[in-house]
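Read-outs: derived from the displayed coordinates by stated rules, not from any lab. All of these numbers come straight from a predicted model, not from anything done at the bench. No Cβ is skipped: glycine too gets one built from the backbone with ideal geometry, and neighbour counts run over all protein chains shown.
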Amino acid sequence: MQEKLTKAEIVETIFQKIQISKRDIYKIIDLVFEELKNALAKDKIIELRGLGTFEVRIRKGKKARNPKTGETVITEQHGVVFFKPGKELKQLAQGIKER
């Protein structure tokens, strides 16, 4: 089973490396996340070198079926967040051979 990496663990790692207060690190991380969400909400493409690119893509509406009732429903066109990993991240992932 894969391990999770939490925000608290990221904060602890940063704290060990640069010795600024954990409260300030949380604020910085929250601000970064908020900026990323705001940019996506404004339909901007976010490019983070070494990590990848985030963008909103539009999914067309379609007919679908409610699995519980069998009822046919129509979904509306809507945005979905898409992530395309960068070259470095792809190479790291390709190096994982087993779990």
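Restricting the calculation to Cα positions, tell me the Rg (one decimal) and the Dmax (whole number) of the range 45-99 in Å.
17.4, 46
Normalized C-alpha radius of gyration of the range 1-44, against 2.2 N^0.38 Å? Numbers along the way, then the final one.
Values: Rg = 13.1 Å, N = 44, 2.2 N^0.38 = 9.3 Å.
Output field value: 1.41.
I'd like the chymotrypsin sites (Phe, Trp or Tyr not before Pro) in the range 27-99 restricted to DSSP loop residues with at most 16 other Cβ atoms within 10 Å, sorted by number.
Values: sites: Phe33, Phe54, Phe82, Phe83; in loops: none.
Hits after loop and neighbour filter: nothing returned.
Is there a quick way to get the dipole size of the range 45-99? I mean about its Cα centre, with the Cβ of Lys and Arg at +1 and of Asp and Glu at -1; what is the value in debye to the nearest 20?
Using only the charged Cβ atoms, the result is roughly 220 debye.
Run the numbers on the chain and let me know its relative contact order in percent, using alpha-carbon pairs under 8 Å that are six or more apart.
21 percent
Just name one of Ile14, Thr69, Ala41: the one whose Cα is farthest towards the positive end of the charge dipole of the chain (beta-carbon charges, Lys/Arg +1, Asp/Glu -1).
The one lying farthest along the dipole's positive direction is Thr69.
Counting helices only, and only those DSSP H runs with n ≥ 4, report the 222 nm mean residue ellipticity of the chain as the sum of -39,500 (n - 2.57) divided by its residues, in deg cm²/dmol to the nearest 500.
-13000 deg cm²/dmol
Taking the alpha-carbon distance from Lys62 and a cut-off under 23 Å, which lysines remain once sequence neighbours fewer than 8 residues away in the same chain are dropped?
none
What is the dipole size for the chain, taken about its Cα centre, with +1 at each Lys and Arg Cβ and -1 at each Asp and Glu Cβ, in debye to the nearest 20?
420 debye
Show which lysines lie in cross-link reach of Lys17 when reach means a straight Cα distance below 30 angstrom and same-chain residues fewer than eight apart are skipped.
Those lysines meeting the cut-off are Lys4, Lys7, Lys27, Lys37, Lys84, Lys87, Lys90, Lys97.
Pop out the ³J(HN,Hα) list for the range 30-37 in order, Karplus 6.51 cos²θ - 1.76 cosθ + 1.60 with θ = phi - 60°, rounded to Hz; leave Gly and Pro as x.
4, 5, 4, 4, 5, 5, 5, 5
If you place +1 on the Cβ of every Lys and Arg, -1 on the Cβ of every Asp and Glu, and leave all else neutral, what size is the dipole of the range 1-44 about its Cα centre, to the nearest 20 Debye? Can you show the working numbers first?
Details: 9 positive and 8 negative charges, 15 e Å.
For the range 1-44, the charge dipole is close to 80 debye.
I want to check the label-to-label distance for Lys4 and Lys27. Put each point 7 Å from Cα in the C-beta direction and report it in nm to one decimal.
2.7 nm
Could you pull the Rg and Dmax for the chain, using just the Cα atoms, both in Å?
When restricted to Cα atoms, the chain yields Rg and Dmax of 19.0, 57 Å.
How far apart, in nanometres, would the label points at Ile18 and Glu98 be if each is projected 7 angstrom from Cα along the Cα-to-Cβ direction?
The answer from the label model is 3.8 nm.
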